[in-house]
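*Asks:* Starting off with a structure, shown below.
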Amino acid sequence: MEEKEIMRHSAAHVMAAAVCKVFNNVKLDIGPSTEEGFYYDFDLEHRLAPEDFPKIEAEMQAIIKSGLPFERRELSRTEAAGIFADQPYKLERLADIPEDQSITVYSCAGFTDLCRGPHIATTSDIGAVKLISVAGSYYRGDEHNPMLQRLYGMADVSQEALDTTLARIEEAKKRDHRKLGKELDLFSINEEAGPGLAHWHPKGARIRVAIEDFWRREHFRAGYEMLFTPHVGRAGLWETSGHLGFYRESMFPSMTVSEGEGSHVSSEPYYVKPMNCPFHILVYRNRRYSYRDLPLRWAELGTVYRYEKEGVRHGLLRVRGFTQDDAHIFCTPEQVEDEIRRTVNFALRILRRFGFEDITAFLSTRPEKSVGLPERWDQATRSLENALKAESIAFQTDEGGGAFYGPKIDLKIKDALGRAWQLGTVQFDFNLPERFKLAYVGEDGKEHQPYMIHRALLGSLERFFGILIEHYAGAFPLWLAPEQVRVLPITSGQNDYAREIESKLRERDARVSVDTDNEKLGAKIRKAQLEKTPYMLVVGGRDAAAGVVSVRSRGAGDLGAMPLEQFIELFDNDLKK
């Protein structure tokens, strides 16, 4: 564990000790560190609220200033059970510990916790702390279990460092895609239709179309073909793919469909698809391929459905229905390394167009339990590593962290606030080609099993859109902005001229509107600014008479009057940025 991680985990123990001093009959579960702080899950009669934070923090500060030690002890299972006799959640956690594993507890400030550690030496090694929020959390993440109260806190090496982190958190709140999505009228999630199902509003849909148009154009240029596949499939398909065996809990329940007529009617279950892969494989199996036909690069913006439970859903970042920017590559062993390098290079180019320059990678290798020949794993892993090195991408190796069906590369970007997001993935699959008995005719005239590569660049359009909203704080670059230009006539006398400008810009595929509301110019400008419109074209009587527009830029402010043709040149140059 890193030093800060250890400190934050220790702060979680201090917080739990403070809560136990402030309230009675506290039942405890777990309290791990997080990327920038910590939390602890409590079961207590009192409903925690921000009003409780000052008194809990006061107890925490008293413990920290006292410089109390963290004392580690190894116990027998019987001794541990005695300590936690009145803590049902701890007893369950104790039962989870394998018989051959030692049981350790840490004590500090009169508080003892079941914990592997490690911890800091004394509480005075905790720099600065602050409680942030409280939320509900099902015990063990299961909605059938009791709802606990999860109290979140922050900890850092100094008050200055903590203040910097808190400022970033406040900025993140301002950029929250759920907040901006509502303010800018981009999307909604309507509980009447169903939780976790996104509705793209006209402005959000404009951005989505811009993303999809760019995505498709770049894929065609990169040698991909497009597929469109069904949203539902028979149960047998998902049995063959293994989803019903390994993924059923994340799938929506089946729907029963009656087939045939009269005495020949039979009922068969269908499932909405959680993934696109089996359908792409069926397209491959639809005809016989030679090694000369490979590689095949097939892409699809395919909408899938997964039964994400309450507690894990989060705005657009975790939904039940989403569109994957999916692709699958079928190739020969000799083509693998070149295809991986092409794919990684392609992914970097796509992500950088959206403004993400800080990109790192994680290479996950063969786990203990896996399918496929060892030599295939070695070749696939070597191909992934060579591609990352060739593109000079910093990467970390996660030994044994691959899926059972193949090694993978995960690409992570950092947004404007320095937060890491996993987006792209390049993943080998030795499982599905075997399950579906895929083959191609080799140069020797014999059948061979192709290599199959799963590949996503953005992950899903919904999640990627949420990340984009927060990255740009809703002020999208011109090429993505839902409304690129707003024409602002000063009086109704310039409405006709404003409409002429709108028409000319629309002919160039600009996303433009005219504000003909009966408001003063200042109010129109403020409205356009709040809606984060990149360009405003103010037209008054003199502008109309001279055939010019007065240009205001979201970033640069007043650019002065210029002929429409000059503005179009400015606009076209900005589109390329």
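The values are calculated or read from the model by the stated rules, or taken from the named source; none is laboratory data. Every value quoted in this text rests on a predicted model; they were computed, and no experiment measured them. Please note: Cβ atoms are built from the backbone with ideal geometry, for glycine as well, and neighbour counts cover all protein chains shown.
*Asks:* Quick check on my filter: what residues within the range 512-529 are part of a helix (DSSP H, G or I), in contact (Cβ under 8 Å) with a residue 24 or more places away in the chain and among the charged types (D, E, K, R)?
*Replies:* Residue satisfying the conditions is Lys524 alone.
*Asks:* Moving on to the next point. Assess whether Leu301 counts as being hydrophobic (A, V, I, L, M, F, W, C), closer than 17 Å to Phe464 by Cα, modelled with pLDDT of 95 or more and not in a helix (DSSP H, G or I).
*Replies:* yes
*Asks:* Right, next: Take the range 28-40 and flag every residue that is among the acidic types (Asp, Glu) and buried (at least 21 other Cβ atoms within 10 Å of the Cβ).
*Replies:* Matches in the range 28-40: Asp29 only.
*Asks:* Output yes when any residue across the range 438-453 is under 28 Å from the mean Cα position of the chain (by Cα), among the aliphatic types (A, V, I, L, M) and on the phi > 0 side of the Ramachandran plot, and no when none is.
*Replies:* No: zero hits.
*Asks:* Taking the range 356-383, which residues are touching a Pro at 6+ places or on another chain (Cβ under 6 Å) and in a helix (DSSP H, G or I)?
*Replies:* Of everything in the range 356-383, those that are touching a Pro at 6+ places or on another chain (Cβ under 6 Å) and in a helix (DSSP H, G or I) turn out to be Ala380, Thr381.
*Asks:* Here's something else I'd like to know. Filter the range 142-192 down to the residues that are touching a Ser or Thr at 6+ places or on another chain (Cβ under 7 Å) and among the acidic types (Asp, Glu) and list them by number.
*Replies:* Answer for the range 142-192, where residues must be touching a Ser or Thr at 6+ places or on another chain (Cβ under 7 Å) and among the acidic types (Asp, Glu): just Asp156.
*Asks:* I need every pair where a residue in the range 80-101 that is closer than 13 Å to Asp43 by Cβ has its Cβ under 7 Å from the Cβ of a residue that is basic (Lys, Arg), sequence separation at least 6 or different chains.
*Replies:* Short answer, once both residue conditions are applied: Gln87/Lys27; Pro88/Lys27; Tyr89/Lys27.
*Asks:* So, one more: Within the range 114-161, work out how many residues are within 24 Å of Ser250 (Cα to Cα) and among the acidic types (Asp, Glu).
*Replies:* Count: 2.
*Asks:* Next question, about the same structure. Can you find, within the range 400-456, the residue that is farthest from His328 (Cα to Cα) among those that are aromatic (Phe, Trp, Tyr) and surrounded by 17 or more Cβ atoms within 10 Å (Cβ to Cβ)?
*Replies:* The extreme case among them is Trp421.
*Asks:* Can I ask one more? Within the range 530-561, track down each residue that is assigned to a strand (DSSP E or B), under 30 Å from Phe354 (Cβ atoms) and among the aliphatic types (A, V, I, L, M).
*Replies:* Within the range 530-561, Met536, Leu537, Val549, Val551, Leu559 qualify.
*Asks:* When you go through Arg150, Arg178, Arg116 one by one, which is the residue that is at pLDDT below 95 and of a type in the set (Lys, Arg)?
*Replies:* Checking each option against the conditions leaves just Arg116.
*Asks:* If you take just the strands (runs of 3 or more DSSP E) that sit entirely in the range 70-185, which of them hold at least 3 residues that are buried (at least 17 other Cβ atoms within 10 Å of the Cβ) and not assigned by TED's automatic domain parsing to the domain that holds Leu197?
*Replies:* Once the strands (runs of 3 or more DSSP E) in the range 70-185 are filtered for at least 3 residues that are buried (at least 17 other Cβ atoms within 10 Å of the Cβ) and not assigned by TED's automatic domain parsing to the domain that holds Leu197, what remains is 103-108, 111-114, 128-138, 147-156.
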